[in-house]
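Shown next, in structure tokens, is the structure this report addresses.
The values are calculated or read from the model by the stated rules, or taken from the named source; none is laboratory data. Keep in mind that this is a model prediction, so the values were computed, not measured. No Cβ is skipped: glycine too gets one built from the backbone with ideal geometry, and neighbour counts run over all protein chains shown.
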Amino acid sequence: MPANRRPAKPILAVLAAVAVAGTMAAHAADRAQATVACRPAGVWLAYDCTVKLANATTGAPLQKAHLTIGADMPSRPLADKVAPVAAKATATPGEYRAIVVLEVHGDWALRLNVAAGPIKNQLTELLNFGPKEVGPAKNPNPNPAPAAPAPKGRPKS
């Protein structure tokens, strides 16, 4: 081997590492997006929720996903919490349904845990659940950040 040539093995190792990192970055960039629609299910505080899942990058429906839906009440996070239920796929690609039973009417944060191949996300949807309809949350930020404290003492001049 000529003195000015280096062995090809280290270069191949670097190229392989770059290819693997690129593939991992592409998978890491894929995220889920969800469209949620719920309606009263005919039983007090039970709601029939339909979730449409898609790849946020490509828009392709997420099929064969494992989806669970839990809920908590943002205004009372330690008091009102609903255990996650598994959603089942419908005949429509990327569409899933579950019956969610809440504790009271009001604003709830639905916690969607999605696992579809390399895509693993937790998404949150804030909705207001009433006795006859479900709509946007009435108070989307029930626990705003506290205001900065006022400075103490007199300002320096």
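Quick notes on this one:
- Consider the stretch 56-82 and keep the residues that are modelled with pLDDT of 95 or more and of a type in the set (Gly, Ala, Ser). The one that is nearest to residue 118 (Cα to Cα) is 65.
- Count of the stretch 75-93 residues, restricted to those that are in contact (Cβ under 8 Å) with a residue 40 or more places away in the chain and under 16 Å from the mean Cα position of the chain (by Cα), is 0.
- Meets criteria (surrounded by fewer than 12 Cβ atoms within 10 Å (Cβ to Cβ), modelled with pLDDT of 95 or more and among the hydrophobic types (A, V, I, L, M, F, W, C)) for residue 91: yes
- With respect to being surrounded by fewer than 18 Cβ atoms within 10 Å (Cβ to Cβ) and part of a strand (DSSP E or B), residue 126 fits the description.
- Residues of the stretch 41-80 that turn out to be farther than 13 Å from residue 31 by Cα and assigned to a loop (DSSP other than H, G, I, E, B), as a count: 15
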